[in-house]
1. So for region 56-72 (the condition being over 18 Å from VAL4 (Cα atoms) and open to solvent by less than 10 Å² (accessible area, probe 1.4 Å)), does at least one residue qualify?
2. Out of region 94-129, which residues are surrounded by 15 or more Cβ atoms within 10 Å (Cβ to Cβ) and out of contact with any helix residue (DSSP H, G or I) (no Cβ under 7 Å at 6 or more places or on another chain)?
3. When you go through (1) open to solvent by 70 Å² or more (accessible area, probe 1.4 Å); (2) in contact (Cβ under 8 Å) with a residue 40 or more places away in the chain; (3) of a type in the set (A, V, I, L, M) one by one for ALA22, which number turns out not to apply?
4. Please go through region 27-42 and pick out each residue that is surrounded by 14 or more Cβ atoms within 10 Å (Cβ to Cβ) and touching a residue at least 60 places away in the same chain (Cβ under 8 Å).
5. Please give the strands (runs of 3 or more DSSP E) falling wholly within region 14-127 in which 3 or more residues are at pLDDT 95 or above and within 11 Å of the ligand (Cβ to nearest atom).
6. Go through (1) over 17 Å from PRO79 (Cβ atoms); (2) at pLDDT below 95; (3) of a type outside the set (Gly, Ala, Ser) and name the single condition ASP169 misses.
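The values are calculated or read from the model by the stated rules, or taken from the named source; none is laboratory data. Predicted, not measured: the structure shown is a model, and the values here were computed from it. Glycine gets a Cβ as well: all are built from the backbone with ideal geometry, and neighbour counts include every protein chain shown. Please note that ligands, DNA and RNA were not included when accessible areas were found on the heavy atoms of the full protein model with its side chains. Shrake-Rupley method; radii C 1.70, N 1.55, O 1.52, S 1.80 Å.
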Amino acid sequence: MITVRVEQPADIAAIRQANDRAFGRAAEGAVVDRLRVACPDVLSLVAEEGGRVLGHALLSPVLITRDGVSVLDGMGLGPLAVVPERQRQGIGSMLVRASIRAMRARSCPFVIVLGHPEYYPRFGFERASGRGLAPQWEGIPDEAFMVLVLDERAMEGASGVAGYRSEFDQAV
Ligand SMILES: CC(C)(COP(=O)(O)OP(=O)(O)OC[C@H]1O[C@@H](n2cnc3c(N)ncnc32)[C@H](O)[C@@H]1OP(=O)(O)O)[C@@H](O)C(=O)NCCC(=O)NCCS
């Protein structure tokens, strides 16, 4: 049985390995390791089976700013990683759904994701540009920068730059 739960200290090496293998490079796993130390507000979830980490999702703070002024705090989902031999078996979906449930429980108004435009809309993500939200980085394809709105009222008028923590800068 596959279960999704909050990471434990004993998972840290396996989380790094899952990210490195899923992405075929070290950048995403390095972001996870940096944020775990630097940011107490991250939520790190693992999908495990029989004690083996098969997938991982990180949620970290995203701040909407306009003209340099803070507008609204939310969260960003990513990196999301499933070990290559277990992809396309629903594990990524379990992690995304658990992430959304956790963000709802925290009364988080929105979740940003930068990723495959074919994958995330099935969970309710839509183009962030349609909500007047832009990434802090140049050159991001419009369709890859998405938002899931969890609190419509809080999001009213909340447009601007949706910025991830600076730890992500080296991975984009
Ligand atoms: C993307 C990823 C997290 C999805 O997890 P998963 O467990 O494989 O996905 P699920 O089994 O929940 O969902 C399968 C669906 O995801 C979609 N999907 C999987 N990988 C995809 C990709 N690279 N691009 C687009 N869609 C993808 C497929 O449409 C598939 O649908 P299908 O069953 O109709 O073919 C996983 O494939 C992965 O770790 N990939 C490498 C790292 C990565 O790209 N991470 C995401 C960054 S945004």
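1. Yes, there is a match, as at least one residue in region 56-72 is over 18 Å from VAL4 (Cα atoms) and open to solvent by less than 10 Å² (accessible area, probe 1.4 Å).
2. Hits for region 94-129 are MET94, LEU95, ALA98, SER99, ALA102, MET103, CYS108, TYR119, TYR120, PHE125, ALA128.
3. (1)
4. Filtering region 27-42 down to residues surrounded by 14 or more Cβ atoms within 10 Å (Cβ to Cβ) leaves 27-36, 42.
Within region 27-42, ALA27, GLU28, ALA30, VAL31, ARG34, LEU35 meet the criteria.
5. Details: elements: 43-49, 52-66, 69-82, 110-114.
Qualifying strands (runs of 3 or more DSSP E): 52-66, 69-82.
6. Only one criterion in (1) over 17 Å from PRO79 (Cβ atoms); (2) at pLDDT below 95; (3) of a type outside the set (Gly, Ala, Ser) is unmet by ASP169, namely (1).
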